[in-house]
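As structure tokens, the structure follows; a few thoughts come after it.
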Amino acid sequence: MGRGRAGPEFCREVQPPEAAQSVMGELPAAIVVAAILQRGAAITSAGGYLRELTRKAEVGEFTLGPMLMALIGGRKREKKRA
């Protein structure tokens, strides 16, 4: 999980899982948190990133599709390297 950035500190640093859940809905918020955890060390501030995505979702500037496609694309690149 890359230097522990997205471990327990993520949940302690953030109330945003609750905020994200109320703005995005339970399942989309869970997917976003899982995606953030999946990216681990690539995200320097998991809490800040989740807060920003929640803010964007509030004003209709965030959808899950591009995030999921980026994760899928990253996995395809990893498989090609292996």
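The values are calculated or read from the model by the stated rules, or taken from the named source; none is laboratory data. Quick caveat: nothing in here was measured; it's all calculated off a predicted structure. Glycine also receives a Cβ, built like all others from the backbone with ideal geometry; neighbour counts cover every protein chain displayed.
Scanning segment 44-66 for residues being farther than 15 Å from VAL23 by Cβ and aliphatic (A, V, I, L, M) gives a total of 1.
For VAL23, are the conditions met, namely being assigned to a helix (DSSP H, G or I), at pLDDT 75 or above, crowded, with 17+ Cβ neighbours inside 10 Å and over 14 Å from the mean Cα position of the chain (by Cα)? Against the criterion (assigned to a helix (DSSP H, G or I), at pLDDT 75 or above, crowded, with 17+ Cβ neighbours inside 10 Å and over 14 Å from the mean Cα position of the chain (by Cα)), VAL23 qualifies. Just checking, does segment 53-62 include any residue being within 24 Å of GLU78 (Cα to Cα), outside any loop (DSSP other than H, G, I, E, B) and in contact (Cβ under 8 Å) with a residue 24 or more places away in the chain? No, segment 53-62 has no match at all.
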